[in-house]
Amino acid sequence: MIFYFTGTGNSRYAARRISEKLGDKLVSINEYIKKGEDGYFTDNRPWVFIAPTYSWQIPRVVEKFIRSSRFSGSREAYFILTCGGSVGNASQKIESLCREKGFTFQGLSALVMPENYIAMFPVPDKEEARRIIEKANPVIDRLADSIREGRRFSSGKAGLLSRLESGPVNGMFYRFQVSAKGFRVTEGCVGCGKCAQLCPLNNIHLENGKPVWGDTCTHCMACISACPTQAIEYKKISVGKPRYYLK
């Protein structure tokens, strides 16, 4: 069973491709979180979890979903984190989570996809994004082959920098960066409501046809990246930048 959590589409894209290669069921974590539901799943095939990297770690909302859901049947669990470059020492927390859930940790693989964290970094234009995705496709296929054959993902040993990134830096990221306070809507908004529809935490609602953000944002970037009129900005950082959203 292939689970994915996504903001701007990278994880969904990888999950769909692996699902097609393996002929396995696809499950959207976003939908469960949005409905406020814990999952109960049973399958004899490996569990595969695909999510973006949030400051060199698995997103806390995904960790919470796995922890609160029940899984019966297979005990093998694979993890894939999409990223712009590195997943740091994310495997340490994931391995601990697997022990807690009674999973056999089959490894974590980083999957380089187009950068999507517009709140901090520049994102690629369409042509550059296309090249990055084309380069990622054979990597995704090799990961699918490893899952099919029951081979553990190989990963190197994390160094000091990686441990710092996934440890103290991740903590500071959530404490000081992850907030909806920086989002604002411009006059280009047409009141379509797509931002509210896509928000996995139901943190956006419309008032007088315009989005208003609450205080449970996870910085998935779905609202700003998928806005059809590019009417959402994050502080001054996103102004003039291209948006990246993979359908």
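Observations, loosely collected:
- Rounded to the nearest 10 degrees, the inclination of helix 126-149 to the longest alpha-carbon principal axis of the chain is 20 degrees.
- Simple point charges give the picture: +1 on the Cβ of Lys and Arg, -1 on the Cβ of Asp and Glu, and for region 1-97 a dipole about the Cα centre of about 120 debye.
- Segment Tyr174-Lys35, extension gain: residue separation times 0.36 nm, minus the distance between their alpha carbons: 47.7 nm
- Relative intensity of region 162-247 on a log10 scale, I(q)/I(0) at q = 0.16, 0.22 Å⁻¹, equals -0.64, -1.07, per a Debye sum over C-alpha point scatterers of equal strength in the absence of solvent.
- Solvent-accessible surface of protein heavy atoms, probed at 1.4 angstrom with all chains present, puts Tyr245, Tyr40 in the order Tyr40, Tyr245, largest first.
- Counting every C-alpha pair in region 85-203, the share spaced more than 25 angstrom apart comes to 47%.
- Rolling a 1.4 angstrom probe over the protein heavy atoms with all chains in place gives the chain an accessible area of 49 Å² per residue.
- Dipole check for the chain: with +1 at the C-beta of Lys and Arg, -1 at the C-beta of Asp and Glu, and the Cα centre as origin, the magnitude is about 180 Debye.
- Shown here is the pair-distance distribution of region 198-246: with all Cα-Cα distances grouped in 10 Å bins from zero up to the longest one, the shares run 24, 57, 20 percent.
- The order of the peptides 208-220, 83-95 by mean Cβ neighbours within 10 Å, most packed first, is 83-95, 208-220.
- Taking all pairs of distinct alpha-carbon atoms in region 22-150, Kirkwood radius in angstrom: 15.7
- Taking the accessible area of region 37-169, probe 1.4 Å, and keeping the other protein chains in place, the carbon and sulfur fraction comes to 50%.
- Taking Lys and Arg as +1 and Asp and Glu as -1, the other residues whose beta-carbon sits under 10 Å from that of Lys181 total +1.
- Equivalent ellipsoid of the chain: semi-axes from √(5λ) of the C-alpha gyration tensor, largest first, are 30, 19, 18 Å.
The values are calculated or read from the model by the stated rules, or taken from the named source; none is laboratory data. Predicted model, so just to flag it, every value in this text is computed and none were measured. With ideal geometry, Cβ positions are generated from the backbone for all residues, glycine too; neighbour counts draw on all protein chains shown. When the accessible area is computed, the model is the full protein with side chains, heavy atoms only, and any ligands, DNA or RNA have been set aside. Shrake-Rupley method; radii C 1.70, N 1.55, O 1.52, S 1.80 Å.
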